[in-house]
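Undergrad: Below you'll find the structure I mean.
The values are calculated or read from the model by the stated rules, or taken from the named source; none is laboratory data. Because the structure is predicted, anything quoted here is derived from the model rather than measured. In this analysis, Cβ positions are derived from the backbone assuming ideal geometry, glycine residues included, and neighbour counts consider all displayed protein chains.
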């Protein structure tokens, strides 16, 4: 067998798979190695990699002749903030060239995956460029309490497969689980302290994960409003309002701003914030809420609706966040449905569903210039207890759908879910920022945190693989074999 034939059987065992791999034949499997950061900005990555290699059984270098892993940044003119692209050249030494420290971090995970999977790294050249900028994990830590140590462990597990956004949803109808200085009366008994939050924030930053706080309003506030019932939307016959802020008055709106301002210092490095905007009231019956109907008539005339009031509120919160240096994000279901108010086009829409025929299609958001994050609920909603008809995500369904970041949830018609696809095709427009996997703790007793960690591991990795590569060249069985081979990371 020729060297070329032998090289053709060599596999690069890492997730996500690189954009391209050119094998050179043979394997790199040193007993000892030295890690060198060629620039100051990569010193942390070199320091991190040293003990990780020890955990894979590779000792520290004993002399100058031992193999080297050299980490270096590409030329300054080629670098763009947030660029995670990298190349890896594996010969007697290994040279990692990345556009940023984050790219170098992603590259070193690739080396570690190979070492975990096959005890060596294939010689050759790897090039990798993510298809989308964001690959995220959302955690509903409002309905259920997840200990800080567990969250930190999930950050490490997520970063291991190039997840680079963590959306921390700390407030829900069932709980407010982050220590508040301004409103201690709304905080649940089981909560994350500010000291614990600081450790989570620091861990995310160290792992090149952007942390997006998620404080849902004007709906999903039942727990917070239980201490401030005077701020609730007035009751409507046969309709639930105990979770809804009264957006027709200024005092409740000021309360919403104060909640945000109380939490901003917890997230000193965050540049984005998810304000919610979803499931404020029963949208199919929005005209039946007397307070909303009266306020809409007064402000907008006969054409006004509660959707105009909701859009105006979301725009005001977005402006409040922008003044504090934060980009606003919101869920899609109740937006783009107003007659008189135009949704601020700078608001990023986290697009989770089109289960109702009256919800606007994603094409409307694109036409209006909104950036999108695809949180396809049909494939990526891990809902504890499989509440509301959801089933736990798995890799088989993700592969069966041939999902890629541009494939959004299907449109529903009046008679139920249709087969109408919502899809942005490749090459993706700049408006498509990325994708996100979401854990929702609807029935918090259905699973322990350990169960959740085990349950999300493979489908989250499936999303990471297909988000980085805009699909995957792997078959389902190849992905599952590779997932099992790389196993879990060792230590921190």
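Undergrad: Among 156, 138, 208, which is surrounded by fewer than 19 Cβ atoms within 10 Å (Cβ to Cβ), within 29 Å of residue 468 (Cα to Cα) and assigned by TED's automatic domain parsing to the domain that holds residue 277?
TA: Answer to the check: 156.
Undergrad: Looking at the stretch 297-307 only, could you name the residues that are closer than 10 Å to residue 340 by Cα and surrounded by 20 or more Cβ atoms within 10 Å (Cβ to Cβ)?
TA: Result: 304, 305, 307.
Undergrad: Looking at 296, 302, 328, 319, can you tell me which residue is in contact with a helix residue (DSSP H, G or I) (Cβ under 8 Å, 6 or more places away or on another chain) and free of Cβ contacts under 8 Å to residues at least 40 places away in the same chain?
TA: 296
Listed here are the residues, each with its yes/no results for (1) in the same structural domain as residue 206 (by TED's automatic domain parsing); (2) more than 23 Å from residue 264 (Cβ to Cβ); (3) surrounded by fewer than 18 Cβ atoms within 10 Å (Cβ to Cβ).
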site	(1), (2), (3)
111	no, yes, no
114	no, yes, no
121	no, yes, no
147	yes, yes, yes
161	yes, yes, no
164	yes, no, no
172	yes, no, no
178	yes, no, no
182	yes, no, yes
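Undergrad: When residue 88 is evaluated against the numbered criteria (1) in contact with a helix residue (DSSP H, G or I) (Cβ under 6 Å, 6 or more places away or on another chain); (2) assigned to a strand (DSSP E or B); (3) farther than 18 Å from residue 28 by Cα, which criterion, by number, is the only one it fails?
TA: (3)
Undergrad: May I ask you to list pairs of residues, at least six apart or on different chains, whose Cβ atoms are under 6 Å apart, with the first in the stretch 45-58 being under 14 Å from residue 115 (Cα atoms) and the second being part of a helix (DSSP H, G or I)?
TA: Going by the 6 Å Cβ cut-off, the qualifying pairs are 49/108; 52/112; 56/115.
Undergrad: Do we have residue 43 as within 28 Å of residue 157 (Cβ to Cβ), modelled with pLDDT of 95 or more and surrounded by fewer than 16 Cβ atoms within 10 Å (Cβ to Cβ) here? Working first, answer last.
TA: Values: within 28 Å of residue 157 (Cβ to Cβ): yes; modelled with pLDDT of 95 or more: yes; surrounded by fewer than 16 Cβ atoms within 10 Å (Cβ to Cβ): yes.
Yes: the conditions hold for residue 43.
Undergrad: Just to be sure, is residue 54 closer than 30 Å to residue 350 by Cα and not assigned by TED's automatic domain parsing to the domain that holds residue 384?
TA: No.
Undergrad: Six or more apart or on different chains, Cβ atoms under 9 Å: show the pairs whose first residue is in the stretch 154-170 and on the phi > 0 side of the Ramachandran plot and whose second is part of a loop (DSSP other than H, G, I, E, B).
TA: 162/15; 162/16; 162/84; 162/130
Undergrad: Tell me the residue from 391, 419 that is at pLDDT below 95 and assigned to a loop (DSSP other than H, G, I, E, B), please.
TA: Within the list 391, 419, the selection yields 419.
Undergrad: With respect to residue 131, determine if the residue is at pLDDT 95 or above and more than 21 Å from residue 207 (Cα to Cα). Walk me through how you get there before you give the answer.
TA: Numbers: at pLDDT 95 or above: yes; more than 21 Å from residue 207 (Cα to Cα): no.
Considered against the rule, which asks whether it is at pLDDT 95 or above and more than 21 Å from residue 207 (Cα to Cα), residue 131 comes out as no.
Undergrad: Still on this model: Being assigned by TED's automatic domain parsing to the domain that holds residue 139, surrounded by fewer than 20 Cβ atoms within 10 Å (Cβ to Cβ) and part of a helix (DSSP H, G or I) narrows it down to one of 450, 473, so name that one.
TA: 450
Undergrad: Then there is this: Return yes or no: is residue 403 crowded, with 18+ Cβ neighbours inside 10 Å and in a loop (DSSP other than H, G, I, E, B)?
TA: Numbers: crowded, with 18+ Cβ neighbours inside 10 Å: yes; in a loop (DSSP other than H, G, I, E, B): yes.
Here the answer is yes, as residue 403 does meet what is asked.
Undergrad: Moving on to the next point. If you scan the stretch 86-98, which residues turn out to be crowded, with 16+ Cβ neighbours inside 10 Å and either at pLDDT below 95 or more than 17 Å from residue 39 (Cα to Cα) (or both)?
TA: Those that are crowded, with 16+ Cβ neighbours inside 10 Å and either at pLDDT below 95 or more than 17 Å from residue 39 (Cα to Cα) (or both): 89, 90, 93.
Undergrad: Under 20 Å from residue 156 (Cβ atoms), modelled with pLDDT of 95 or more, touching a strand residue (DSSP E or B) at 6+ places or on another chain (Cβ under 8 Å) and not in a strand (DSSP E or B): does that describe residue 15? First the steps, then the outcome.
TA: Numbers: under 20 Å from residue 156 (Cβ atoms): yes; modelled with pLDDT of 95 or more: yes; touching a strand residue (DSSP E or B) at 6+ places or on another chain (Cβ under 8 Å): no; not in a strand (DSSP E or B): yes.
Taking the combined requirement at face value, the residue does not satisfy it.
Undergrad: Still on this model: Being outside the structural domain of residue 11 (by TED's automatic domain parsing), in contact with a strand residue (DSSP E or B) (Cβ under 7 Å, 6 or more places away or on another chain), surrounded by 17 or more Cβ atoms within 10 Å (Cβ to Cβ) and in a helix (DSSP H, G or I) is true for just one of 460, 482. Which residue is that?
TA: Step by step, each of 460, 482 is checked, and only 460 is outside the structural domain of residue 11 (by TED's automatic domain parsing), in contact with a strand residue (DSSP E or B) (Cβ under 7 Å, 6 or more places away or on another chain), surrounded by 17 or more Cβ atoms within 10 Å (Cβ to Cβ) and in a helix (DSSP H, G or I).
Undergrad: Please work out which one of (1) under 25 Å from residue 349 (Cβ atoms); (2) surrounded by 15 or more Cβ atoms within 10 Å (Cβ to Cβ); (3) out of contact with any strand residue (DSSP E or B) (no Cβ under 8 Å at 6 or more places or on another chain) is the condition residue 266 fails and give its number.
TA: The number of the failed condition is (3).
This table checks each residue for (1) in a helix (DSSP H, G or I); (2) crowded, with 22+ Cβ neighbours inside 10 Å.
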| residue | (1), (2) |
| --- | --- |
| 284 | yes, no |
| 293 | yes, no |
| 309 | yes, yes |
| 316 | yes, no |
| 325 | no, no |
| 340 | no, no |
| 344 | no, no |
| 360 | no, no |
